[in-house]
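A.B. asks: One structure, pasted below without further comment.
Bear in mind these aren't lab numbers, they're just calculated from the coordinates by the rules spelled out. Quick caveat: nothing in here was measured; it's all calculated off a predicted structure. Heads up, the Cβs are rebuilt from the backbone with ideal geometry, glycines too, and the neighbour counts pull from every protein chain shown.
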Amino acid sequence: MSNRTVITFGTFDVLHVGHVRVLQRAAELGDRLVVGVSADALNITKKNRAPVFTQDERLEIVGALRVVDAVFVEESLEQKRDYILEHGADVLVMGDDWKGKFDFVSDICEVVYLPRTPSVSTTGLIEHIANNG
Ligand code: CTP
């Protein structure tokens, strides 16, 4: 019996169609989808700003999607390997903006990079709302 667990990571702030599509496509690669939602503190270091929605809100939103089976907080980018092992993931899915960057875990799981949905991003949405409000 195959029971493939897929894992993916992201901020998923101000949820948009690019997020929904990447999660749907990730879910199709296995039987169970686990999502690491990046911590507020991690975002502040990574993107130099706090997310619009708190990590608890982002966990609740992503966890409510039909294709998502479980969510957890990603505290650090360096712990990908630990998270993959902890959640028994067979496949790591990342957006192709990360192409090649996670090949170092290919000894413990399959690594798949999915193309991003063009023309939409959280950063773009925040700017759009700020300039048109
Ligand atoms: N993603 C996607 N298509 C987009 C935007 C995001 O497939 N247009 C994917 C990313 O590749 C990643 C996941 O969604 O796998 C979460 O990305 P995240 O960084 O949270 O979203 P962005 O919109 O890229 O956020 P930001 O603008 O803050 O970088």
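A.B. asks: What residues qualify as long-range amide H neighbours of Y113, i.e. H under 5 Å apart, gap of 5 or more or another chain, H built at 1.01 Å from N?
C.D. replies: The list, which skips near neighbours in sequence, is M94.
A.B. asks: Can you list which of the GluC sites (Glu not before Pro) found in the range 1-90 are DSSP loop residues with at most 11 other C-beta atoms within 10 Å? Let's see the in-between values first.
C.D. replies: Numbers: sites: E28, E57, E60, E74, E75, E78, E86; in loops: E28, E75.
Those satisfying the criteria are E28.
A.B. asks: Which order do the peptides 89-102, 111-124 come out in when sorted by mean C-beta neighbours inside 10 angstrom, highest first?
C.D. replies: 89-102, 111-124
A.B. asks: What net charge is computed for the residues neighbouring D31, neighbours being all others with C-beta under 15 Å from the C-beta of D31, Lys and Arg scored +1, Asp and Glu -1?
C.D. replies: 0
A.B. asks: Compute the distribution of all C-alpha to C-alpha distances in the range 56-133, in bins of 10 Å from 0, and list the percent of pairs in each, rounded to whole numbers.
C.D. replies: 15, 36, 37, 10, 2
A.B. asks: Further, regarding this structure: Sequence neighbours fewer than 8 away in the same chain don't count; with that in mind, list the lysines whose C-alpha is under 16 Å from K101.
C.D. replies: Qualifying lysines at Cα under 16 Å: K46, K80.
A.B. asks: I've got another one for you. Could you run the Karplus curve 6.51 cos²θ - 1.76 cosθ + 1.60 with θ = phi - 60° over the range 24-34 and give me ³J(HN,Hα) per residue in whole Hz, x for Gly and Pro?
C.D. replies: Working through the residues one at a time gives 5, 5, 5, 4, 5, 7, x, 9, 8, 10, 10 Hz.
A.B. asks: Continuing with this model, one more query. Taking amide hydrogens as modeled 1.01 Å from N in the peptide plane, which residues meet the under 5 Å criterion relative to E74, leaving out close sequence neighbours?
C.D. replies: Hits under the 5 Å cutoff: V37, S38, A39.
A.B. asks: For the range 1-57, what is the Kirkwood hydrodynamic radius in Å, using each pair of distinct C-alpha atoms?
C.D. replies: Here the Kirkwood hydrodynamic radius works out to 12.5 Å.
A.B. asks: With viscosity set to 1.306 mPa s at 10 °C, what whole-number translational diffusion coefficient in µm²/s follows for the chain from Stokes-Einstein and a Kirkwood radius over Cα pairs?
C.D. replies: It diffuses with D of about 105 µm²/s by this estimate.
A.B. asks: Please give me the summed charge of the neighbours of A64: other residues whose Cβ is under 14 Å from its Cβ, Lys and Arg +1, Asp and Glu -1.
C.D. replies: -2
A.B. asks: Bin width 10 Å, origin at 0, all Cα-Cα pairs of the range 52-97: what percent of pairs per bin?
C.D. replies: Pairs per bin, as whole percents: 21, 49, 30, 0.
A.B. asks: While we're looking at this one, here's another question. Would you calculate a helix-derived [θ] at 222 nm for the chain, using -39,500 (n - 2.57) for each DSSP H run of n ≥ 4 and dividing by the full residue count, to the nearest 500?
C.D. replies: Counting only the DSSP helices, I get -10000 deg cm²/dmol.
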